[in-house]
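Okay, so here's the structure we're looking at.
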Amino acid sequence: MTDRAIRSHDDLLEIFEASCHEEQALGVESEKFGVYAATLAPLTYEGPRGVLGIFEALCREHGYRPLHESEGGPIVAVERVGADGKSSQVTLEPGAQFELSGAILATVHEAEEELARHLGELEPIVRALGVRWLGVGYHPLASQAELPWVPKARYPIMREYFPTRGGRGLDMMRRTATVQVNVDFASEADALRKLRVGLLLSPIVQAMFANSPFSEGKPTGRKSERAAVWLDADPDRTGLLPRMCAPGARFHDYAAWALDAPMYLFKREGRVFANTGQTFKNFLADGFEGERATVGDWKMHLGTLFPEARLKTTIELRSVDSLPRSLYCALPALWAGLLYDAEALAGAEELALSTLEPGALEAARPDIARLALSANACGRPVRALAERLVELAEGGLSRRARLDAEGRDERRHLASLGALVSRGQCPADVLVAGLDVTVAPESLRAEIARRCAI
């Protein structure tokens with residue numbers, strides 16, 4: 001029961017403890033931007049050619065059902081449950097970023113099949129509507145004023161709250177897109193080990209996949225504009241969590257950090273309470289407008305925190321820009337290779353703990369956003385660290401030995417990434433290569449859209 005009152009500190013840890021199991025599944029969540037091919041204007045939420053039109057077609061043609069936050073409220077997602085009982089959803093971020101929240105998968109091969117099925121279902125729908133998808137980490141064309149607001153209950157509160165916490169909170173909400181990988185943990189020790197490795201390696205992985213060099217129709221001079229945005233969003237709920245990077249950290253330590261983080265809302269029977277600025281610790285002690293903290297409030301709060309690696313029912317690895325289809329499976333392949341093989345995990349942990357001190361790593365993040373693999377971190381070239389991660393992941397995937405129908409293991413999904421890293425390049429380098437920025441602005445926008453298309 002998620003609506004029961006929190007009775008003790010044990011209730012705060014229950015979500016983590018109940019999630020420990022021996023499976024090694026993968027979940028991949030991927031976001032993309034929609035634009036209208038004729039005008040390059042951003043995809044709208046409303047109307048037959050907007051998000052609602054796409055959702056209607058997915059329900060009509062592919063067995064999805066609409067999801068609402070409240071009875072009679074607007075559609076905010078669609079869901080399909082397969083014959084195997086696995087659920088996948090298409091959801092929305094605040095600026096109508098279109099997100100595939102995939103099913104629980106056993107292999108990276110299945111992630112490839114899931115994406116192909118998703119894009120295949122969408123392709124005739126969006127072609128008829130004149131919509132094109134862009135797979136980059138920051139909207140390459142739209143200004144804030146041009147983007148829609150998706151009608152979720154929390155977004156008006158976030159819209160008011162985030163500008164009080166940093167300069168780019170609204171950009172974070174509406175102009176960024178990611179690919180996220182979720183991995184399982186077998187025990188508290190395993191969870192905190194994977195979280196620690198995920199946090200410390202996240203800036204290096206971010207550099208490997210940096211894929212957002214444009215804003216409002218021109219290059220920004222950064223390899224990852226998205227990474228720069230996250231450095232100026234909300235310091236109390238983002239970042240590398242130094243206390244979690246130390247060996248010996250426990251579930252209790254993550255809960256303590258989350259308790260000290262500000263809230264911005266909770267819900268009761270369809271009513272939304274905006275309690276921005278109150279920490280969960282204070283909500284737990286004092287309540288708010290006569291309401292007391294529940295287990296459901298705690299679970300919601302955990303989902304409003306945005307560190308580079310997040311602990312919930314899985315370890316969520318969140319640092320990477322949205323990607324083109326050719327690199328999509330490289331991310332789950334990298335993390336599966338590093339975290340789901342004992343030898344690779346030991347190597348990744350040793351690299352992280354011996355090389356990457358949290359304070360110095362945090363200081364390097366602006367340079368990583370700008371230079372990606374050409375940056376240095378903690379006195380080491382990021383490129384060399386990336387090459388080592390690819391090597392470790394390849395070994396892990398080889399030993400993991402999950403084969404596709406043709407007898408190939410998951411290393412094949414790392415090939416495109418490995419080729420880029422070996423040249424000292426990230427996806428953004430490919431996007432900007434040979435780009436003529438002296439052409440007319442509309443021609444430049446059209447060429448950027450072409451290069452960023454999924």
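Values in this text are rule-based calculations from the coordinates and carry no lab data. It should be emphasised that the depicted structure is a prediction, and the values quoted were computed from it without experimental measurement. Because the Cβ atoms are built from the backbone with ideal geometry, glycine has one as well, and the counts that use them run over all protein chains shown.
Observations on the structure shown:
- Nearest-0.05 FRET efficiency for Arg159 and Arg4, computed from C-beta distance (R0 35 Å): 0.65
- Computed P(r) (all Cα pairs; the chain; 20 Å bins; percent): 25, 61, 15, 0
- About the Cα centre, charge dipole magnitude for the stretch 302-405 (Lys/Arg +1, Asp/Glu -1 at Cβ), debye: 280
- Between the amide H of Val131 and those of Ala37, distances stay under 5 Å, these residues lying 5 or more places away or on another chain, with hydrogens modeled in the peptide plane.
- Evaluating 6.51 cos²θ - 1.76 cosθ + 1.60 at θ = phi - 60° for every residue in the stretch 167-184, the Karplus couplings come out as x, 10, x, 5, 4, 4, 5, 10, 10, 10, 8, 9, 10, 10, 10, 10, 10, 7 Hz, glycine and proline recorded as x.
- Reach of Lys267 by Cα under 30 Å, taken over lysines that are not fewer than 8 positions away in the same chain: Lys32, Lys86, Lys152, Lys281, Lys299, Lys312
- Under the convention that each Lys and Arg Cβ holds +1 and each Asp and Glu Cβ holds -1, the size of the dipole of the stretch 411-450 around its Cα centre is about 360 debye.
- Percent of Cα pairs exceeding the 22 Å cut-off, where the set is the stretch 263-373: 55
- Placing +1 on the Cβ of every Lys and Arg and -1 on the Cβ of every Asp and Glu, with nothing else charged, gives the stretch 23-73 a dipole about its Cα centre of roughly 280 debye.
- Label-to-label distance for Glu442 and Glu17 is 6.4 nm, based on points extended 7 Å past Cα in the beta-carbon direction.
- Sorting the segments 84-95, 216-227 by their mean number of nearby beta carbons within 10 angstrom, highest to lowest, gives 216-227, 84-95.
- Taking a span of 20 Å or more along the helix axis (Cα atoms) and a mean Kyte-Doolittle hydropathy of at least -0.5 as the rule, the DSSP H helices of the chain that qualify are 108-129, 188-208, 382-400.
- Computed over the alpha-carbon atoms, the stretch 79-191 gives an Rg to Rh ratio of 1.02, Rh here being the Kirkwood radius from the mean inverse distance.
- Between Ala128 and Ala145, the contour length at 0.36 nm per residue exceeds the Cα-Cα span by 3.5 nm.
- Our note on the geometry: Cα centres of the stretch 303-324 and the stretch 392-446, 21 Å apart.
- Applied to the stretch 269-280, the Karplus parametrisation 6.51 cos²θ - 1.76 cosθ + 1.60 on θ = phi - 60° returns per-residue 3J(HN,Hα) values of 6, x, 8, 9, 9, 8, 10, 4, x, 7, 6, 5 Hz, with x for Gly and Pro.
- For Ser215, the residues whose modelled amide H falls within less than 5 Å of its own, excluding neighbours fewer than 5 places apart on the same chain, are Thr220.
- Sorting the Cα pairs of the stretch 319-454 by distance into bins of 5 Å, from 0 upward, gives 2, 9, 16, 18, 19, 15, 9, 7, 4, 2, 0 percent per bin.
- Net charge contributed by nearby residues that have their C-beta within less than 13 Å of Leu361 (K/R +1, D/E -1): -1
- At R0 = 30 Å, FRET efficiency that the Cβ-Cβ distance of Val81 and Ala189 yields, to 0.05: 0.35
- Using the Karplus relation 6.51 cos²θ - 1.76 cosθ + 1.60 with θ = phi - 60°, the per-residue 3J(HN,Hα) values for the stretch 312-319 come to 9, 7, 9, 8, 9, 9, 10, 8 Hz, with x marking Gly and Pro.
- Principal axis box of the stretch 111-245, alpha-carbon based, largest edge first, Å: 51, 41, 36
- Shape category assigned to the stretch 343-401 from the gyration tensor of Cα positions, a/c cut at 1.5: prolate
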